[in-house]
1. Can you pull out every residue in segment 88-106 that is closer than 25 Å to residue 74 by Cα and over 11 Å from the mean Cα position of the chain (by Cα)?
2. Just to be sure I understand, how many residues within segment 340-358 are hydroxyl-bearing (Ser, Thr, Tyr) and either out of contact with any Gly (no Cβ under 9 Å at 6 or more places or on another chain) or at pLDDT 65 or above (or both)?
3. Identify all residues within segment 179-193 that are out of contact with any Phe, Trp or Tyr (no Cβ under 7 Å at 6 or more places or on another chain) and modelled with pLDDT under 85; write none if there are none.
4. Can you find a residue in segment 206-218 that is out of contact with any Asp or Glu (no Cβ under 9 Å at 6 or more places or on another chain), at pLDDT 85 or above and β-branched (Val, Ile, Thr)?
5. Against the definition (open to solvent by less than 50 Å² (accessible area, probe 1.4 Å) and either among the acidic types (Asp, Glu) or assigned to a loop (DSSP other than H, G, I, E, B) (or both)), how does residue 231 come out, yes or no?
6. Taking only segment 66-108 into account, find how many residues are within 29 Å of residue 266 (Cβ to Cβ) and charged (D, E, K, R).
7. Given the conditions (1) open to solvent by 30 Å² or more (accessible area, probe 1.4 Å); (2) farther than 17 Å from residue 125 by Cα; (3) touching a Phe, Trp or Tyr at 6+ places or on another chain (Cβ under 9 Å); (4) among the aromatic types (Phe, Trp, Tyr), and given that residue 49 satisfies all but one, which numbered condition is not satisfied?
8. Of everything in segment 95-115, what is open to solvent by less than 40 Å² (accessible area, probe 1.4 Å), within 17 Å of residue 335 (Cα to Cα) and assigned to a helix (DSSP H, G or I)? Give them in sequence order.
Amino acid sequence: MPVFWPSVYLAYFVYRALCTVLGEVVVARLTVLGDAGKYQKAEFHLEPYSFVFSTDLNANIGAIFYYLAGGSPLGISFLFMCVGTFGIIRLLKALEPDDRKAVFLLLLLPSFNVWSSVASKESVVVFAVGILLAYLVRHTRGEERLGLLELLAAYLLVVYKPHFGVSLMFLYTALMCRRYFASYNGLAIIGSLLSLTPLVAFAPVISDLSFRVQIHFIGSGDSTRELFWREPWDVFLRAFEGMYLAFVGPTVAEAAGKTVHLMSFVESLILSLGILVLVILRSRRATVFGLSVALFSIFWIMFPNYPFGAMNPGSAIRYRTDYLLIVLVIIVTILPLDSVIRRRSRDARTLAEPPTPA
(Lines give C-alpha, C1' and ligand atoms only; values in the text may rest on other atoms or scores of the structure.)
Protein backbone atom coordinates (compact mmCIF):
# COMPACT_ATOMS: atom_id res chain seq x y z
CA MET A 1 0.00 0.00 0.00
CA PRO A 2 1.56 3.31 -1.05
CA VAL A 3 2.24 5.96 1.54
CA PHE A 4 1.04 9.44 0.68
CA TRP A 5 3.84 11.34 2.35
CA PRO A 6 2.41 14.87 2.00
CA SER A 7 -0.54 13.72 4.13
CA VAL A 8 1.85 12.06 6.58
CA TYR A 9 3.88 15.26 6.89
CA LEU A 10 0.71 17.26 7.56
CA ALA A 11 -0.43 14.77 10.20
CA TYR A 12 3.02 14.87 11.80
CA PHE A 13 2.89 18.67 11.89
CA VAL A 14 -0.46 18.51 13.69
CA TYR A 15 0.95 15.91 16.10
CA ARG A 16 3.90 18.15 16.93
CA ALA A 17 1.55 21.10 17.40
CA LEU A 18 -0.33 18.99 19.95
CA CYS A 19 3.02 18.25 21.60
CA THR A 20 3.56 22.00 21.87
CA VAL A 21 0.30 22.32 23.76
CA LEU A 22 1.14 19.25 25.84
CA GLY A 23 4.52 20.70 26.74
CA GLU A 24 3.20 24.12 27.70
CA VAL A 25 0.05 23.01 29.50
CA VAL A 26 0.89 19.63 31.04
CA VAL A 27 4.61 18.84 31.07
CA ALA A 28 5.56 22.29 32.39
CA ARG A 29 3.48 21.51 35.50
CA LEU A 30 5.17 18.15 36.09
CA THR A 31 8.77 19.18 35.57
CA VAL A 32 10.91 22.16 34.62
CA LEU A 33 10.60 22.66 30.87
CA GLY A 34 14.21 23.64 30.36
CA ASP A 35 14.78 27.34 29.72
CA ALA A 36 11.51 27.89 27.86
CA GLY A 37 10.62 30.94 29.95
CA LYS A 38 13.91 32.57 29.07
CA TYR A 39 13.11 32.34 25.35
CA GLN A 40 9.55 33.66 25.61
CA LYS A 41 10.44 37.26 26.36
CA ALA A 42 10.96 40.36 24.24
CA GLU A 43 14.62 40.64 25.24
CA PHE A 44 17.07 41.26 22.43
CA HIS A 45 20.81 40.82 22.98
CA LEU A 46 22.54 42.89 20.34
CA GLU A 47 26.11 42.63 21.60
CA PRO A 48 28.58 40.93 19.23
CA TYR A 49 28.85 37.87 21.49
CA SER A 50 25.10 37.31 21.24
CA PHE A 51 25.63 35.79 17.80
CA VAL A 52 28.23 33.28 18.99
CA PHE A 53 26.67 32.14 22.27
CA SER A 54 23.68 29.83 21.98
CA THR A 55 21.69 31.13 24.95
CA ASP A 56 21.78 34.73 23.73
CA LEU A 57 21.14 33.78 20.12
CA ASN A 58 18.17 31.65 21.14
CA ALA A 59 16.86 34.53 23.24
CA ASN A 60 17.05 36.75 20.15
CA ILE A 61 15.12 34.19 18.11
CA GLY A 62 12.58 33.98 20.93
CA ALA A 63 12.27 37.78 20.99
CA ILE A 64 11.45 37.82 17.27
CA PHE A 65 8.85 35.10 17.82
CA TYR A 66 7.51 37.09 20.80
CA TYR A 67 6.44 39.90 18.49
CA LEU A 68 5.22 37.54 15.76
CA ALA A 69 3.08 35.66 18.30
CA GLY A 70 1.81 38.75 20.07
CA GLY A 71 3.59 37.79 23.28
CA SER A 72 1.73 34.49 23.70
CA PRO A 73 4.02 31.83 25.28
CA LEU A 74 2.10 29.10 23.46
CA GLY A 75 2.42 30.98 20.17
CA ILE A 76 6.17 31.41 20.68
CA SER A 77 6.60 27.70 21.31
CA PHE A 78 4.47 26.98 18.23
CA LEU A 79 6.88 29.00 16.06
CA PHE A 80 9.87 27.16 17.56
CA MET A 81 8.03 23.92 16.74
CA CYS A 82 7.65 25.02 13.12
CA VAL A 83 11.39 25.60 12.87
CA GLY A 84 12.21 22.12 14.18
CA THR A 85 9.55 20.46 12.02
CA PHE A 86 10.97 22.05 8.88
CA GLY A 87 14.36 20.44 9.51
CA ILE A 88 12.83 17.03 10.28
CA ILE A 89 10.67 16.96 7.15
CA ARG A 90 13.59 18.16 5.03
CA LEU A 91 15.52 15.14 6.24
CA LEU A 92 12.64 12.70 5.76
CA LYS A 93 12.22 13.84 2.16
CA ALA A 94 15.91 13.14 1.48
CA LEU A 95 15.73 9.55 2.77
CA GLU A 96 14.83 6.53 0.66
CA PRO A 97 11.19 5.41 1.23
CA ASP A 98 12.06 2.37 3.37
CA ASP A 99 14.55 4.35 5.45
CA ARG A 100 12.02 7.17 5.75
CA LYS A 101 9.39 4.85 7.21
CA ALA A 102 11.80 3.42 9.79
CA VAL A 103 13.06 6.81 10.94
CA PHE A 104 9.61 8.35 10.97
CA LEU A 105 8.14 5.66 13.22
CA LEU A 106 10.85 6.19 15.84
CA LEU A 107 10.36 9.96 15.64
CA LEU A 108 6.80 9.61 16.94
CA LEU A 109 7.96 9.07 20.53
CA PRO A 110 6.70 11.87 22.81
CA SER A 111 9.88 13.16 24.47
CA PHE A 112 11.62 13.93 21.17
CA ASN A 113 8.63 15.87 19.93
CA VAL A 114 7.87 17.68 23.18
CA TRP A 115 11.43 18.93 23.66
CA SER A 116 11.75 19.99 20.02
CA SER A 117 8.28 21.58 19.93
CA VAL A 118 8.61 24.19 22.67
CA ALA A 119 10.69 27.33 23.10
CA SER A 120 14.03 25.60 23.43
CA LYS A 121 17.46 25.21 21.95
CA GLU A 122 16.45 21.70 20.96
CA SER A 123 14.00 23.03 18.36
CA VAL A 124 16.76 25.02 16.64
CA VAL A 125 19.31 22.20 16.93
CA VAL A 126 16.88 19.68 15.41
CA PHE A 127 16.33 22.11 12.54
CA ALA A 128 20.08 22.46 11.91
CA VAL A 129 20.78 18.74 12.28
CA GLY A 130 17.91 17.86 9.93
CA ILE A 131 19.18 20.22 7.22
CA LEU A 132 22.78 18.99 7.42
CA LEU A 133 21.79 15.31 7.56
CA ALA A 134 19.58 15.79 4.50
CA TYR A 135 22.64 17.13 2.69
CA LEU A 136 24.77 14.17 3.81
CA VAL A 137 22.09 11.68 2.75
CA ARG A 138 21.96 13.24 -0.71
CA HIS A 139 25.75 13.17 -0.73
CA THR A 140 25.68 9.36 -0.40
CA ARG A 141 23.92 9.28 -3.77
CA GLY A 142 26.43 11.63 -5.36
CA GLU A 143 24.06 14.59 -5.34
CA GLU A 144 25.28 18.12 -4.57
CA ARG A 145 22.89 20.70 -3.16
CA LEU A 146 24.93 22.83 -0.81
CA GLY A 147 23.18 26.17 -0.46
CA LEU A 148 22.49 29.02 1.92
CA LEU A 149 20.17 26.88 4.03
CA GLU A 150 22.95 24.35 4.67
CA LEU A 151 25.39 27.15 5.52
CA LEU A 152 22.86 28.61 7.97
CA ALA A 153 22.42 25.18 9.56
CA ALA A 154 26.19 24.76 9.87
CA TYR A 155 26.48 28.17 11.55
CA LEU A 156 23.71 27.32 14.02
CA LEU A 157 25.29 23.97 14.86
CA VAL A 158 28.67 25.60 15.48
CA VAL A 159 27.00 28.03 17.89
CA TYR A 160 24.67 25.57 19.63
CA LYS A 161 26.46 22.19 19.51
CA PRO A 162 30.02 22.55 18.20
CA HIS A 163 30.94 19.08 19.48
CA PHE A 164 28.46 17.59 16.98
CA GLY A 165 30.91 18.68 14.32
CA VAL A 166 33.29 15.81 15.18
CA SER A 167 30.80 13.14 14.11
CA LEU A 168 29.41 15.07 11.14
CA MET A 169 32.86 15.99 9.82
CA PHE A 170 33.94 12.37 10.21
CA LEU A 171 30.91 11.32 8.15
CA TYR A 172 31.49 14.00 5.53
CA THR A 173 35.19 13.10 5.21
CA ALA A 174 34.31 9.41 4.80
CA LEU A 175 31.79 10.23 2.07
CA MET A 176 34.27 12.48 0.28
CA CYS A 177 36.95 9.79 0.34
CA ARG A 178 34.36 7.30 -0.93
CA ARG A 179 33.92 9.52 -3.94
CA TYR A 180 37.59 9.64 -4.91
CA PHE A 181 38.72 6.10 -4.12
CA ALA A 182 37.56 3.07 -6.11
CA SER A 183 37.65 0.83 -3.03
CA TYR A 184 37.60 2.49 0.33
CA ASN A 185 37.05 -0.45 2.71
CA GLY A 186 40.60 -0.76 4.02
CA LEU A 187 41.08 2.99 4.12
CA ALA A 188 37.81 3.36 6.06
CA ILE A 189 39.05 1.05 8.80
CA ILE A 190 42.41 2.82 9.05
CA GLY A 191 40.79 6.25 8.99
CA SER A 192 38.27 5.23 11.65
CA LEU A 193 41.02 4.01 13.96
CA LEU A 194 43.13 7.10 13.32
CA SER A 195 40.16 9.28 14.32
CA LEU A 196 40.72 8.08 17.90
CA THR A 197 44.17 9.68 18.12
CA PRO A 198 42.81 13.00 19.47
CA LEU A 199 41.51 11.08 22.51
CA VAL A 200 45.10 10.15 23.29
CA ALA A 201 46.63 13.49 22.38
CA PHE A 202 44.12 15.53 24.37
CA ALA A 203 43.34 13.03 27.13
CA PRO A 204 44.27 15.38 30.03
CA VAL A 205 42.16 18.19 28.54
CA ILE A 206 39.17 15.88 28.01
CA SER A 207 39.45 14.57 31.57
CA ASP A 208 39.55 18.12 32.95
CA LEU A 209 36.51 19.15 30.89
CA SER A 210 34.51 16.18 32.18
CA PHE A 211 35.08 17.28 35.77
CA ARG A 212 34.05 20.84 34.88
CA VAL A 213 30.77 19.54 33.46
CA GLN A 214 30.22 17.49 36.61
CA ILE A 215 30.91 20.48 38.86
CA HIS A 216 28.47 22.57 36.80
CA PHE A 217 25.66 20.05 37.29
CA ILE A 218 26.33 19.74 41.00
CA GLY A 219 26.78 23.48 41.51
CA SER A 220 23.55 24.35 39.69
CA GLY A 221 21.58 21.66 41.52
CA ASP A 222 20.81 19.81 38.29
CA SER A 223 22.51 16.58 39.32
CA THR A 224 20.34 13.84 40.82
CA ARG A 225 23.14 11.26 40.88
CA GLU A 226 26.36 10.82 42.81
CA LEU A 227 29.72 11.79 41.37
CA PHE A 228 30.14 9.92 38.11
CA TRP A 229 33.85 10.63 37.70
CA ARG A 230 36.13 10.37 40.72
CA GLU A 231 39.49 9.51 39.20
CA PRO A 232 41.28 11.47 36.42
CA TRP A 233 40.65 8.86 33.69
CA ASP A 234 37.09 7.91 34.63
CA VAL A 235 35.74 9.80 31.63
CA PHE A 236 37.37 7.09 29.47
CA LEU A 237 37.06 4.09 31.78
CA ARG A 238 33.35 4.65 32.38
CA ALA A 239 32.58 5.86 28.86
CA PHE A 240 30.39 2.94 27.77
CA GLU A 241 28.40 3.01 31.01
CA GLY A 242 28.04 6.78 30.68
CA MET A 243 26.96 6.63 27.05
CA TYR A 244 24.31 4.07 27.97
CA LEU A 245 22.95 6.24 30.80
CA ALA A 246 23.06 9.37 28.64
CA PHE A 247 21.00 7.67 25.94
CA VAL A 248 18.50 5.69 28.02
CA GLY A 249 18.07 8.22 30.83
CA PRO A 250 16.45 6.79 33.97
CA THR A 251 17.66 3.53 35.46
CA VAL A 252 15.19 0.87 36.66
CA ALA A 253 15.50 2.15 40.24
CA GLU A 254 14.90 5.76 39.19
CA ALA A 255 11.94 4.73 37.03
CA ALA A 256 10.33 3.00 40.01
CA GLY A 257 10.55 6.12 42.14
CA LYS A 258 9.04 8.80 39.91
CA THR A 259 6.19 8.77 37.36
CA VAL A 260 7.99 11.04 34.88
CA HIS A 261 11.07 8.81 35.00
CA LEU A 262 8.92 5.72 34.52
CA MET A 263 7.38 7.20 31.37
CA SER A 264 10.83 8.13 30.07
CA PHE A 265 12.18 4.67 30.87
CA VAL A 266 9.38 2.94 28.95
CA GLU A 267 9.91 5.26 26.00
CA SER A 268 13.67 4.63 26.04
CA LEU A 269 13.01 0.90 26.12
CA ILE A 270 10.78 1.16 23.03
CA LEU A 271 13.34 3.36 21.27
CA SER A 272 16.21 0.99 22.11
CA LEU A 273 14.28 -2.03 20.84
CA GLY A 274 13.38 -0.16 17.65
CA ILE A 275 17.02 0.76 17.07
CA LEU A 276 18.09 -2.84 17.75
CA VAL A 277 15.65 -4.09 15.11
CA LEU A 278 16.97 -1.52 12.64
CA VAL A 279 20.56 -2.54 13.33
CA ILE A 280 19.72 -6.23 12.79
CA LEU A 281 17.87 -5.54 9.55
CA ARG A 282 20.48 -3.17 8.15
CA SER A 283 23.35 -5.43 9.22
CA ARG A 284 22.21 -7.97 6.65
CA ARG A 285 23.43 -5.52 4.00
CA ALA A 286 26.29 -4.08 6.04
CA THR A 287 29.61 -3.56 4.30
CA VAL A 288 33.09 -3.13 5.76
CA PHE A 289 32.90 0.53 4.81
CA GLY A 290 29.45 1.06 6.27
CA LEU A 291 30.15 -0.85 9.47
CA SER A 292 33.37 0.96 10.32
CA VAL A 293 32.07 4.42 9.44
CA ALA A 294 28.75 3.88 11.23
CA LEU A 295 30.37 2.50 14.38
CA PHE A 296 32.87 5.31 14.76
CA SER A 297 30.51 8.11 13.78
CA ILE A 298 28.02 6.94 16.42
CA PHE A 299 30.86 6.81 18.94
CA TRP A 300 31.85 10.35 18.03
CA ILE A 301 28.32 11.62 18.60
CA MET A 302 27.80 9.68 21.83
CA PHE A 303 31.15 10.19 23.56
CA PRO A 304 31.26 14.04 23.54
CA ASN A 305 27.60 14.15 24.61
CA TYR A 306 27.54 11.65 27.43
CA PRO A 307 28.99 13.92 30.16
CA PHE A 308 25.90 16.13 29.78
CA GLY A 309 23.46 13.24 30.25
CA ALA A 310 25.18 10.97 32.75
CA MET A 311 24.52 13.20 35.74
CA ASN A 312 20.76 13.56 35.38
CA PRO A 313 18.16 11.27 33.74
CA GLY A 314 15.99 14.21 32.73
CA SER A 315 18.91 15.96 31.07
CA ALA A 316 19.76 12.74 29.26
CA ILE A 317 16.31 12.58 27.65
CA ARG A 318 16.42 16.25 26.75
CA TYR A 319 19.90 16.18 25.20
CA ARG A 320 19.12 12.95 23.36
CA THR A 321 16.64 14.98 21.33
CA ASP A 322 19.54 16.89 19.80
CA TYR A 323 21.44 13.92 18.40
CA LEU A 324 18.77 11.23 17.94
CA LEU A 325 18.35 12.07 14.25
CA ILE A 326 22.08 11.57 13.71
CA VAL A 327 22.05 8.10 15.28
CA LEU A 328 19.01 6.99 13.26
CA VAL A 329 20.34 8.25 9.94
CA ILE A 330 23.70 6.59 10.51
CA ILE A 331 21.99 3.25 11.12
CA VAL A 332 19.57 3.34 8.19
CA THR A 333 21.80 5.07 5.64
CA ILE A 334 25.48 4.64 6.48
CA LEU A 335 25.54 1.09 7.92
CA PRO A 336 24.43 -0.63 4.67
CA LEU A 337 26.30 1.86 2.48
CA ASP A 338 28.69 0.49 -0.12
CA SER A 339 32.16 1.94 -0.58
CA VAL A 340 31.32 2.86 -4.18
CA ILE A 341 28.90 5.61 -5.18
CA ARG A 342 25.99 4.25 -7.16
CA ARG A 343 24.37 7.21 -8.86
CA ARG A 344 20.65 6.81 -9.38
CA SER A 345 19.95 9.69 -11.70
CA ARG A 346 18.07 9.13 -14.94
CA ASP A 347 21.08 10.24 -16.96
CA ALA A 348 23.31 7.65 -15.29
CA ARG A 349 20.79 4.87 -15.97
CA THR A 350 20.47 5.99 -19.58
CA LEU A 351 24.23 5.87 -20.08
CA ALA A 352 24.34 2.38 -18.57
CA GLU A 353 21.74 1.03 -20.99
CA PRO A 354 22.93 -0.42 -24.32
CA PRO A 355 22.00 1.61 -27.39
CA THR A 356 18.81 0.63 -29.15
CA PRO A 357 19.40 -0.80 -32.65
CA ALA A 358 18.28 1.51 -35.43
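The values are calculated or read from the model by the stated rules, or taken from the named source; none is laboratory data. The model shown is predicted, which means the values in this text are computed figures rather than measured ones. Please note: Cβ atoms are built from the backbone with ideal geometry, for glycine as well, and neighbour counts cover all protein chains shown. Keep in mind that these areas ignore ligands, DNA and RNA; they rest on the heavy atoms of the full protein, side chains included. Shrake-Rupley method; radii C 1.70, N 1.55, O 1.52, S 1.80 Å.
1. 89, 90
2. Just the residues of segment 340-358 that are hydroxyl-bearing (Ser, Thr, Tyr), to begin with: 345, 350, 356.
From the residues that got through so far, the ones that are either out of contact with any Gly (no Cβ under 9 Å at 6 or more places or on another chain) or at pLDDT 65 or above (or both) too are 350, 356.
Qualifying residue count, segment 340-358: 2.
3. If we filter segment 179-193 for residues that are out of contact with any Phe, Trp or Tyr (no Cβ under 7 Å at 6 or more places or on another chain), which is where we start, we get 179-183, 186, 189-191, 193.
Hits for segment 179-193 are 179, 180, 181, 182, 183, 186, 189, 190, 191.
4. Yes.
5. For residue 231, the condition - open to solvent by less than 50 Å² (accessible area, probe 1.4 Å) and either among the acidic types (Asp, Glu) or assigned to a loop (DSSP other than H, G, I, E, B) (or both) - is not met.
6. Final tally of qualifying residues: 4.
7. Here residue 49 meets the rest and fails (3).
8. 99, 100, 102, 103
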